[in-house]
1. When you check residue 193 against the structure, is it loosely packed, with under 12 Cβ neighbours inside 10 Å, over 24 Å from residue 135 (Cα atoms) and touching a Leu at 6+ places or on another chain (Cβ under 9 Å), yes or no?
2. For residue 136, are the conditions met, namely being touching a helix residue (DSSP H, G or I) at 6+ places or on another chain (Cβ under 9 Å), over 23 Å from residue 77 (Cβ atoms), exposed (fewer than 13 other Cβ atoms within 10 Å of the Cβ) and of a type in the set (Asp, Glu)?
3. Report yes if residue 149 is open to solvent by less than 80 Å² (accessible area, probe 1.4 Å), assigned to a helix (DSSP H, G or I), closer than 13 Å to residue 106 by Cβ and not aliphatic (A, V, I, L, M), otherwise no.
4. With buried (at least 19 other Cβ atoms within 10 Å of the Cβ), under 20 Å from residue 72 (Cα atoms) and within 18 Å of the chain's Cα centre (by Cα) as the only criterion, which of 114, 157 stands out?
5. Could you pull out the residue among 122, 82 that is open to solvent by 50 Å² or more (accessible area, probe 1.4 Å), on the phi > 0 side of the Ramachandran plot and of a type in the set (Lys, Arg)?
6. Is it the case that some residue within the stretch 150-168 is among the small types (Gly, Ala, Ser) and either in contact with a Leu (Cβ under 8 Å, 6 or more places away or on another chain) or at pLDDT 95 or above (or both)?
7. Scan the stretch 19-39 residue by residue and report those that are open to solvent by 50 Å² or more (accessible area, probe 1.4 Å) and closer than 14 Å to residue 69 by Cβ.
8. Residue check, residue 54 against (1) open to solvent by 30 Å² or more (accessible area, probe 1.4 Å); (2) under 25 Å from residue 145 (Cβ atoms), all met but one. Which one?
Amino acid sequence: IYELLASEYQRTNDSLAFVNTLRTGAEKFPTNKYFTPNLINEYIKGGKNSEALAFLDQAIANDPSNSCDLKSVKATLYADKKDYATSEPLSLEALQTDANCERALEGLGVLYILQAQDMNEKAAQVSTRKEQTELDKQTAELYLKSVPYLEKFRGLLKTRKAEPREIRPTLVKLQKVYYNLSLLKVDKAKELEEIEKELSE
């Protein structure tokens, strides 16, 4: 009944009643697969990340079998806040639950890219060549850390015959990683050429 009621509020664009019904449903039926995930999505869409995180903790406790997706979403919220130290172990925990957890693989790839970009910005502001060289090295290491996760994610997408529009964003991420690594004097010319060929097909 609560699911039907929530769906009807969603259909009529009554977002307040929709969220309230989801919250009631999540409290009454904590293991239900409809209420908590939808409530978390609504909180995220509304920019209420603290509320989303609270319900994510509840959802993980109530449904450990769904840890792959739930911990990955939680990791993404922390990454968005640039709390990389909290985000990384959450994604790694999700991968321990499921080594092929697509959200965690993509999340870790993006996490290291974000850190590399931050490091790159920092390198542009230092005054000595020695400092810049050290930061460039750290930037390259972060980009390299992202590669196996993004490559595995791409492989899983291809294996399950995902639509080209679903695969393309990952190819673009890999293209940028390989390009930036080449700028940092890490030879990824072959990989970059392969990705660019795939993107042009």
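The values are calculated or read from the model by the stated rules, or taken from the named source; none is laboratory data. This structure is a prediction, so every number in the text was calculated from the model and none was measured. Methodologically, a virtual Cβ is constructed for each residue, glycine included, from the backbone with ideal geometry; neighbour enumeration extends over all protein chains shown. Side chains are part of the model used for accessible areas, which takes the heavy atoms of the whole protein and leaves out ligands, DNA and RNA. Shrake-Rupley method; radii C 1.70, N 1.55, O 1.52, S 1.80 Å.
1. No.
2. no
3. Yes, satisfied.
4. Testing whether each residue is buried (at least 19 other Cβ atoms within 10 Å of the Cβ), under 20 Å from residue 72 (Cα atoms) and within 18 Å of the chain's Cα centre (by Cα) leaves just 157.
5. After applying the criteria, what remains is 82.
6. yes
7. Passing the criteria: only 33.
8. (2)
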